[in-house]
Each structure stands twice: as C-alpha cells, then as structure tokens.
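The values are calculated or read from the model by the stated rules, or taken from the named source; none is laboratory data. None of the values given here were measured: they were computed from a predicted structure. All Cβ positions, glycine included, derive from the backbone under ideal geometry; neighbour counts span all protein chains shown. Just the protein is used for accessible areas: all its heavy atoms, side chains included, with ligands, DNA and RNA removed. Shrake-Rupley method; radii C 1.70, N 1.55, O 1.52, S 1.80 Å.
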Amino acid sequence: MGLLNLLSANRSENLFLPAHGRGKALPKKIQKLLKLRPGIWDLPELFEIGGPLINEGAIAESQKSSAIAVGVDRCWYGVNGATGLLQSSLLALARPGQAVLMPRNIHKSCIQACLFGGLIPLLFDVPYLTDRGHASVFDRKWLQRAFKKAKELENDIAAVVLVNPTYQGYSADMESLIQEIHSHSLPVLVDEAHGAYLISQIRPELPKSSIYFGADLVVHSLHKSAPGLVQSAVLWSQGDKVDPFIIERSIGLLQTSSPSSLLIASCESSIKELIQSKGIRKLDSRIEEAELLKDFLINKEVPLLENSDPLRIILHTSKFGLSGIEVDKRFIRKRIIGELAEPGTLTFCLGFSSHKGLGKRFVRIWNEILTSFGQQKSCFFKRPPFSIVSKPYKSCSYSWGSNFETLNLQDAIGRVSIEMVCPYPPGIPLLIPGEILDKARVDWLIEQKDFWPEQIPDFVRVIS
Ligand SMILES: Cc1ncc(COP(=O)(O)O)c(C=O)c1O
C-alpha cells in the first residue's frame, strides 16, 4: 500500500501517539479549519499573522495570552516537536564547553544538542526497576548525591535537565527536585514532553506540571500529551535565570524560516483545550473512561503496572516471561496498535479520543497471546552498568566528527564511540558519542541486543 493509502486507511484501534486519535480528538476549530479548501490555511508569516519569534501579529498575541493563562512570563510555539524546543533550550542554558547535568534516561534530542552546541552532558544514573526494565523516578537525596559527584567531575555546570513524567507515565516529586536545583543557583529545564495535560490541574491526585513549582523552562510535546498535530510543541519560561533574548536567539538557530501556520494554530488550540472548561470537561471524561478500562483489565487479571498517567496503560509482559516487542506484534496482527514496545512491557496511549468497548477485546487478545506462548516464568532485567555520574571520555562533538572504524561490539572494548546506540522508541541512548566502551558496557549492550534484536546492531562505530 502506498503512503497516501496508508494515511487514509483506518481499520485499527489506535493506541499510539499523536494523542488526538487520528483526528477524532483534534480541537473542533482545527477540525473545521481542515474541512475548508485543502491548503487554504497554509500561509507564510504575513504581517497580520507573524511567527513565534516575531513581536507583532496574531501568533505573538496568542503566545502572550497562553503564557498569561498558564501563569508564566513567556512562551514560544514550536513546529519541530519537543525535540526542537528542548534543543533550543539547551543552547540557551549553556555555552560551548559548559556542562549540563542530566539523568541517564534523557531523550536523545538533548544529547544531540550537546553534540552540536559543544556542551558536556554530565549523565547521572537513575533508579532502575528490574522487574520491568524501566528507568524510575528519584528523590531529592538521589539528586543531591548526583550533584556531589558531578561537582567533583566538572566545575562549570550551567544547568540541569529533568524528564518528568517519563514515557510510561511515572512521575517524581518535582517540587523538591526543583528546590534542590535552585539551591545550587542553577536553572532547570524540564522535559515535560509527556505531561502537557498536567497544566489543566484537572484532579488533585494527578501530578502537577513543573511550571507550578517554578521550573525555569518547561517543554511540552503537544502531540504526545495534548490534542495537537504531530510536531506541535511549546516552550514555557519564567523567572530571571534565563534571558528571553537568549532563548529567542537559540530558537532562531534551529527553527525553520517558514514555520507552518497550521501547526502553530494547532499549538494554540491544543493548549486552549487544556485550560478552557470545555476541553477540561472532555479530558475529564477521557480520564474517567480510562480508569474504568484499567479497573476492568485488572479485574480480568491482565497484568498492568501502576503509573501516574491515567491515559497510559502499561502491560507487564515480562511478568509472564514475554517480550513487549513480541506481544506488540501479536496485538498489531489483531489490529490493536500500541505505542511503546519494550523488552518487559508494552505501553498503550489512550490519548484524547474515546475507546469505549476496548476492554473485552483487549482481554480476549491478551489471553490468546498468553495461551499461544504458554505460561512462562517472570523475567528480570539487569541494572545498566552506569556510574553515579559520568562524563564522556572525549567530547560529543569531537567524537561525532572523528574518523571512525566499525567494530563488532565484543571487539570494541576500550574504544570510544562516535555515535549513539538508541532504541526508538523510547529514544533513550544506551551509549552516546565520546563514551568509552568498557567491558561492563559492552557486555550489557550485547545482552540488550537480545532484548531489542531489531534496534541494536552487532557493531559499533568507534574513533579510529
Ligand atoms: C521524554 C521525551 N522527550 C522529548 C521527546 C521528543 O518529542 P517530539 O516527538 O515532540 O519531538 C520524546 C519523544 O519520544 C520523549 O519521549
């Protein structure tokens, strides 16, 4: 089937991102716009419209009113996903040669920013859930330990990046983490790609957005956690630690000179959905529906893992000795398409559209899968061999640009990687440019290859 046919086919239960559910949950105004003459909305930065970096025009007004509604100083809409705005944020936070402290489960976009911005990624290890193979959240004590070690390794730390919630929807106590970072007089950027909906503050039991705990910069992926079109995103800024001029200069470095007016309109309308009463009511009913679905599945003994995101369901496949990647293939055959297949789990994103009636079908397919694989013992995952904090042996940029040779993983011990090894999704690098491949890392990567057979190659490119 050709691309255009694939784009219009719609025969599956879509439990993947973007969260608007193949258009069903797009804000009404965007749906109406898309019904007009195709392309009528595809306009350049005309005087009245402007753009994310232009002070006058409808986009500037819209950004101003979104920032006021959310209670921050400034915001910028983005047309290259959270990726583009995270990268611009990093370039705004640190100068070439400065270090940025980040958790090991950082998204690859931040490592890429270090690479082209000449920044040093100081990566700190995070707790690990061996029963499912996920990075977990950490507390203030954990972060203090990371700070202590990071300061021994590097004396010019410019900023800290945190990721919250995680892809699977785990959420940390962000208030205390942000306080800790501010106690070191450093700015913090929160990659809240998966938590845009938290700005709605819809229920007291849900985590709050880091915006409300004073994070200096927060990035939302509006297609992942709000009903925006793919590539829509927003960067929020507040306080006086990061100069808005420097942020704009950095966005200008990476942003296309022709940002799509449709995507920008989608940024505006998906944010409105999260803060205006009609949208909040819709979100509330999606959450209710999701809670009923989760209860139903748990009652039918489907192994779900707990998280803080009501709209994400984590199926714990390794509890029955099964790979989430294999289970995903079975679900796809039955036309249920999940989002994040990992060695120990399969995460489904319910998003903002309704999935009434899904429960029974889900249980039936899961039971068929269990029967066909046969009962197996739970499997556990080994902790990654990361030190508390590590700094690449050579700079990311230098390594990326170096002459290289390609070696089998087992022959690469003692060598320096020129690239990332990074299963996608989730897009969390297992190795970054400039890191040295010691024996423990090579053994672990070889083991990971069995878990991610189609994602991790047998070879690695190293500085020659
Ligand atoms: C934690 C995290 N941050 C950032 C991104 C990038 O988001 P986007 O696809 O909007 O560029 C992702 C994408 O998977 C992610 O998981």
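Details
- Considering the range 44-58, and only residues there that are open to solvent by less than 10 Å² (accessible area, probe 1.4 Å) and away from the ligand (no atom under 16 Å from the Cβ), the residue that is farthest from Ala233 (Cα to Cα) turns out to be Gly50.
- Taking first residues from the range 217-240 that are under 21 Å from Leu283 (Cα atoms) and partners that are among the basic types (Lys, Arg) and near the ligand (Cβ under 8 Å from one of its atoms), the Cβ contacts under 9 Å between residues at least 6 apart in sequence or on separate chains come to Ala233/Lys224.
- Residues of the range 431-454 satisfying the condition of being open to solvent by 70 Å² or more (accessible area, probe 1.4 Å) and part of a loop (DSSP other than H, G, I, E, B): Asp438, Pro453, Glu454
- Pairs linking a residue in the range 160-183 that is farther than 15 Å from Val100 by Cα to a residue that is of a type in the set (Lys, Arg) and open to solvent by less than 20 Å² (accessible area, probe 1.4 Å), with Cβ atoms under 6 Å and 6 or more positions apart or on different chains, are Gly169/Arg312.
- Residue in the range 235-245 that is within 21 Å of Gln201 (Cα to Cα) and out of contact with any Asp or Glu (no Cβ under 8 Å at 6 or more places or on another chain) present: yes
- All helices (runs of 4 or more DSSP H) inside the range 321-422 with 2 or more residues being of a type in the set (Ser, Thr, Tyr): 358-373, 396-400
- Extreme residue, nearest to the ligand (Cβ to nearest atom), among residues of the range 59-111 that are at positive phi and more than 15 Å from the chain's Cα centre (by Cα): Gly71
- Checking Ile199 against (1) within 24 Å of His20 (Cβ to Cβ); (2) in contact with a Gly (Cβ under 8 Å, 6 or more places away or on another chain); (3) among the β-branched types (Val, Ile, Thr); (4) surrounded by 17 or more Cβ atoms within 10 Å (Cβ to Cβ), the condition it does not meet: (2)
- Checked against (1) over 16 Å from the mean Cα position of the chain (by Cα); (2) aliphatic (A, V, I, L, M); (3) crowded, with 18+ Cβ neighbours inside 10 Å, Leu253 meets all criteria but (3).
- Among the residues here, Lys356 qualifies as closer than 19 Å to Glu289 by Cα, under 27 Å from the mean Cα position of the chain (by Cα) and open to solvent by 60 Å² or more (accessible area, probe 1.4 Å).
- Here is the figure for the range 392-446: residues that are of a type in the set (A, V, I, L, M, F, W, C) and within 16 Å of the ligand (Cβ to nearest atom) total 5.
- Test: residue in the range 210-220 that is within 16 Å of the ligand (Cβ to nearest atom) and open to solvent by 30 Å² or more (accessible area, probe 1.4 Å): no
- In the range 315-334, the condition of being over 30 Å from Trp452 (Cα atoms), aromatic (Phe, Trp, Tyr) and in contact (Cβ under 8 Å) with a residue 24 or more places away in the chain is met by no residue.
- Hits in the range 160-169 - residues which are outside any loop (DSSP other than H, G, I, E, B) and either within 15 Å of the ligand (Cβ to nearest atom) or in contact with a Lys or Arg (Cβ under 7 Å, 6 or more places away or on another chain) (or both): Val161, Leu162, Val163
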